[in-house]
Amino acid sequence: MSYLVFILLIFVSCQPTVTQKTQPKVSSSAIVVTALMDLPLDHTIMSDVDPTWSATLENAPSWLGVAVVGNAIKLTGTPVQASGYYTNIKLKALHQGSPFETIFNLEIRGDILRPFQWHLRNDGESFFSRDSGVAGVDMKVIEAWQLGALGVGVRIAVSDSSAEITHPDLVANMLSGEHRNYITGTLANNFIGTPNPGTERHGTAVSGIISAVGWNNLGGTGVAPSSKIASFNFVDSTFTTEMILNQASGAFDIFNYSYGTSNISDYEDDFVYVAHLRNQVTSAKEGRGRVYIKAAGNEYDYYCLTSSLCAPQNANIPLDNNIPYIILTAASDASGIAASYSNAGSNIWITAPGGEDGDRKPATVTTDLVGCVKGSSRSGRFDSFNTFEAFSSTDNVFKIYNPNCDYSSMMNGTSSSAPNTTGVVALMLSEFPSLTWREVKHILALTAVRIHANSIATNHPYESLRLTGYTYEQGWVQNAAGHYFHNWYGFGQVNAKRAVEMARQMKNSEISRLPASWSETNSSFSQKVADPALSLAIPDGSATGVTSQVSLSLGSMKVESVQINLQVTHAQSGQVGVELTSPAGTKSILLNINNALLMSSNPDSDLDVTLLSHAFYGENATGTWTLRLIDGKADALSGTLDQWAINILGH
């Protein structure tokens, strides 16, 4: 695919110093060539030449080059600055001793905040915070742009708080007439309505990460700057079943969910919603399925910061996080390790930049509510550490980069990692629209980067909740199919360049696609494990725990995801840890011992939950699967495994 370059030709003329029979076709003494920041320039300025010609430039920026390519003389190079205008650049061409000259002007278009968007390209600077990032720790988005992938033709629903759809850096990428407002709309009109963000910035920030307009000399750039967005005002609604189903429906390629619940109780998912998502990935888009991307949650260290007891949240507990049709995203920081808040769990598929607080460590630069009276960036803030955010008529950082308070440098959370992943998927789909939802997941898994590669097995972060002889978290584990998996990172950090390249390889039949047919073995969990020893006593405070096994005969089925549904009797369910080991011997920790279910005022009793793991991706499903339950605290409170069921999604 050719690079995207906009060229404006104003006059056409040539003034050779010597007249001869061979006359090239050139532009003029008043050409204006437009180059785009980060994108390679490939502009023919003179044609009807041959390889015996030579060419040089005078008065040109250092990055601008010129080359004879076939029968053309081309301007080449990649601008790295956000804007600029160069006049009277001279092209001097020479052929058989005869010179030809032409003068042209060069305009560079870009976005002034793009260099501070470390998720796109991390050069190791501070990005308005006190500490710096680590150079190279990013999603390689610019490299994907340079392959020609920009998100063209991809439609995205951002189900969130309302986005400010008239924001100058968003409006050109908004899907007019397709926004939904679950406060003012009704099912009869498909909840169509104009979003009203009020003072809530979240949906605007998420939308900007995905689809802020590129190369318009405004603010920053979205991961998929040519994608289109519809804003759904959902998180402020009453969450009726009809609303929940509606916000997961429509003619969109991707649904971005940067929301979640900080459950400290094991609520069951809405089976109607789960069935709806299954239908959407099975039947929508001629069977290719829609892509659903969701934030894993930000509660990992919440109770460590707010309580005397440090019991991290597990990503499998919040509602909807255990549904295999959703891509769950964890968050990393600008140094390439898990963000302090990012929920961990065996249901994580992928990691993307989320950033930290924007004070000590970089957060994410994106769109904010317009003006200095609302949003993150506004007058009246007193964040002396970050002058980008606080209105000031004298501070140069504010005056140069954010004079109208239209942008923020403090967006973070898995709310940021989800739209970063959504943007990359949009780049993939713009390259190969026929990808199925499973192929999107497959490409993300196979092209992910194993960040924090030296991560090893760890104990519980709170010493008094550690269990002697027991591993709380495993670190990176390579399964029998050769895939690395980590409960903090899933398959690793998303890499846009690799993902786009693999999508292109599938498109060109250079590599095999996934089999179109897929199935689930027990999606309703109606087939319970008939272990004769149930109900099984779980030893109190024992690292050995109790095990139960089931043998499955599924032919050559390959695992994509595994769900476990189980019922446990225990006075404090947060003490209970759950592990699953595959027939090939790969162990996955589905629920950590001594987790946040301990943290309610009346700790949650019993455990009635569905847990999801992707750690067995690509392994054979046939054989004996072993479930192990561990009571993580010796306190005379023991329990029993009453029943369980296993569901395998695969091909």
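What single numbered condition from (1) crowded, with 24+ Cβ neighbours inside 10 Å; (2) over 27 Å from the mean Cα position of the chain (by Cα); (3) assigned to a loop (DSSP other than H, G, I, E, B) fails to hold for Val578?
(3)
State yes or no: is Leu580 under 29 Å from Trp437 (Cα atoms) and in contact with a Pro (Cβ under 9 Å, 6 or more places away or on another chain)? Reasoning before the result, please.
Details: under 29 Å from Trp437 (Cα atoms): yes; in contact with a Pro (Cβ under 9 Å, 6 or more places away or on another chain): no.
No; evaluated as a whole, the condition is false for this residue.
Criterion first (crowded, with 19+ Cβ neighbours inside 10 Å, touching a residue at least 12 places away in the same chain (Cβ under 8 Å) and touching a helix residue (DSSP H, G or I) at 6+ places or on another chain (Cβ under 7 Å)) does Ala230 satisfy it?
Against the criterion (crowded, with 19+ Cβ neighbours inside 10 Å, touching a residue at least 12 places away in the same chain (Cβ under 8 Å) and touching a helix residue (DSSP H, G or I) at 6+ places or on another chain (Cβ under 7 Å)), Ala230 does not qualify.
Considering only strands (runs of 3 or more DSSP E) fully contained in the stretch 65-184, which possess at least 2 residues that are closer than 25 Å to Ile293 by Cα and not aliphatic (A, V, I, L, M)? It would help to see each step written out before you state the result.
Values: elements: 65-69, 72-77, 84-95, 98-109, 155-160.
Counting at least 2 such residues, we get 155-160.
Restricting to the stretch 172-189, and then to whatever is in contact (Cβ under 8 Å) with a residue 24 or more places away in the chain and among the polar types (S, T, N, Q), can you tell me which residue is nearest to Asn216 (Cα to Cα)?
Looking at residues that are in contact (Cβ under 8 Å) with a residue 24 or more places away in the chain and among the polar types (S, T, N, Q), I get Asn173.
Looking at this structure, is Gly345 surrounded by fewer than 23 Cβ atoms within 10 Å (Cβ to Cβ) and out of contact with any helix residue (DSSP H, G or I) (no Cβ under 9 Å at 6 or more places or on another chain)?
Details: surrounded by fewer than 23 Cβ atoms within 10 Å (Cβ to Cβ): no; out of contact with any helix residue (DSSP H, G or I) (no Cβ under 9 Å at 6 or more places or on another chain): yes.
In short, no.
List the residue pairs whose Cβ atoms are under 7 Å apart, where the first residue sits in the stretch 328-352 and is free of Cβ contacts under 8 Å to residues at least 12 places away in the same chain and within 13 Å of Tyr300 (Cα to Cα), the second is small (Gly, Ala, Ser) and crowded, with 24+ Cβ neighbours inside 10 Å, and the two are 6 or more positions apart or on different chains.
none
What are the residue pairs meeting all of these: first residue in the stretch 624-640, first residue among the basic types (Lys, Arg), second residue surrounded by 17 or more Cβ atoms within 10 Å (Cβ to Cβ), Cβ atoms under 6 Å, and 6 or more apart or on different chains?
Partner pairs satisfying both residue conditions: Arg628/Gly545; Arg628/Glu579; Lys633/Gly541; Lys633/Gln575.
Kindly provide the set of residues from the stretch 479-533 that are part of a helix (DSSP H, G or I), touching a Lys or Arg at 6+ places or on another chain (Cβ under 8 Å) and either assigned by TED's automatic domain parsing to the domain that holds Gly136 or closer than 21 Å to Gly650 by Cα (or both), ordered by number.
The one that is part of a helix (DSSP H, G or I), touching a Lys or Arg at 6+ places or on another chain (Cβ under 8 Å) and either assigned by TED's automatic domain parsing to the domain that holds Gly136 or closer than 21 Å to Gly650 by Cα (or both): Met506.
Quick check on the stretch 483-513: of everything there that is among the aromatic types (Phe, Trp, Tyr) and touching a His at 6+ places or on another chain (Cβ under 8 Å), which residue is surrounded by the fewest Cβ atoms within 10 Å (Cβ to Cβ)?
Among those that are among the aromatic types (Phe, Trp, Tyr) and touching a His at 6+ places or on another chain (Cβ under 8 Å), it is Phe491.
Quick one: which residue in Val206, Val235 is closer than 13 Å to Asp160 by Cα and either of a type in the set (Asp, Glu) or part of a loop (DSSP other than H, G, I, E, B) (or both)?
Exactly one of Val206, Val235 is closer than 13 Å to Asp160 by Cα and either of a type in the set (Asp, Glu) or part of a loop (DSSP other than H, G, I, E, B) (or both), namely Val235.
Provide a single number: the residues in the stretch 150-168 that are crowded, with 24+ Cβ neighbours inside 10 Å and either hydroxyl-bearing (Ser, Thr, Tyr) or at pLDDT below 95 (or both).
Residues flagged as crowded, with 24+ Cβ neighbours inside 10 Å and either hydroxyl-bearing (Ser, Thr, Tyr) or at pLDDT below 95 (or both) within the stretch 150-168 amount to 3.
Quick check on this structure: which one of Val171, Val137 is among the aliphatic types (A, V, I, L, M), surrounded by 15 or more Cβ atoms within 10 Å (Cβ to Cβ) and under 23 Å from the mean Cα position of the chain (by Cα)?
Val137
Of the numbered conditions (1) surrounded by 18 or more Cβ atoms within 10 Å (Cβ to Cβ); (2) on the phi < 0 side of the Ramachandran plot, Asp38 satisfies every one except a single condition; which is it?
So Asp38 meets the others, but not (2).
Pick out, from the stretch 271-364, the strands (runs of 3 or more DSSP E) lying fully within it that include 3 or more residues that are at positive phi.
It comes to none.
For the stretch 260-294: of the residues being at pLDDT below 95 and not acidic (Asp, Glu), which is surrounded by the most Cβ atoms within 10 Å (Cβ to Cβ)?
Step one: filter the stretch 260-294 for residues at pLDDT below 95, giving 260-271.
Subset that is not acidic (Asp, Glu): 260-265, 267, 271.
On the way: Gly260: 24, Thr261: 14, Ser262: 15, Asn263: 19, Ile264: 22, Ser265: 16, Tyr267: 13, Phe271: 9.
Once the filter is applied, the top-ranked residue is Gly260.
With respect to Gly222, is the statement that it is touching a residue at least 40 places away in the same chain (Cβ under 8 Å) and within 22 Å of the chain's Cα centre (by Cα) true? Steps first, please.
Numbers: touching a residue at least 40 places away in the same chain (Cβ under 8 Å): yes; within 22 Å of the chain's Cα centre (by Cα): yes.
The answer is yes for Gly222.
Of Ala457, Ala480, Ala516, which residue is surrounded by fewer than 18 Cβ atoms within 10 Å (Cβ to Cβ), without any contact (Cβ under 8 Å) to a residue 60 or more places away in the chain and of a type in the set (A, V, I, L, M, F, W, C)?
Ala457
Would you check which residues across the stretch 209-231 are assigned to a helix (DSSP H, G or I) and either touching a Cys at 6+ places or on another chain (Cβ under 8 Å) or hydroxyl-bearing (Ser, Thr, Tyr) (or both) and list them? Steps first, please.
At the first step, the residues of the stretch 209-231 found to be assigned to a helix (DSSP H, G or I) are 209-211.
Residue satisfying the conditions is Ser211 alone.
Might you let me know whether the stretch 296-308 holds any residue that is crowded, with 22+ Cβ neighbours inside 10 Å, hydrophobic (A, V, I, L, M, F, W, C), over 22 Å from Ala426 (Cβ atoms) and over 22 Å from the mean Cα position of the chain (by Cα)?
There is no residue in the stretch 296-308 that is crowded, with 22+ Cβ neighbours inside 10 Å, hydrophobic (A, V, I, L, M, F, W, C), over 22 Å from Ala426 (Cβ atoms) and over 22 Å from the mean Cα position of the chain (by Cα).
Criterion first (among the hydrophobic types (A, V, I, L, M, F, W, C), in contact (Cβ under 8 Å) with a residue 24 or more places away in the chain, assigned to a strand (DSSP E or B) and at negative phi) does Leu597 satisfy it?
Spelling it out, it is not the case that Leu597 is among the hydrophobic types (A, V, I, L, M, F, W, C), in contact (Cβ under 8 Å) with a residue 24 or more places away in the chain, assigned to a strand (DSSP E or B) and at negative phi.
The values are calculated or read from the model by the stated rules, or taken from the named source; none is laboratory data. What you see is a predicted model; the values in this text were computed from it and never measured. As a convention, Cβ positions derive from the backbone with ideal geometry for all residues, glycine included, and neighbour counts pool all protein chains shown.
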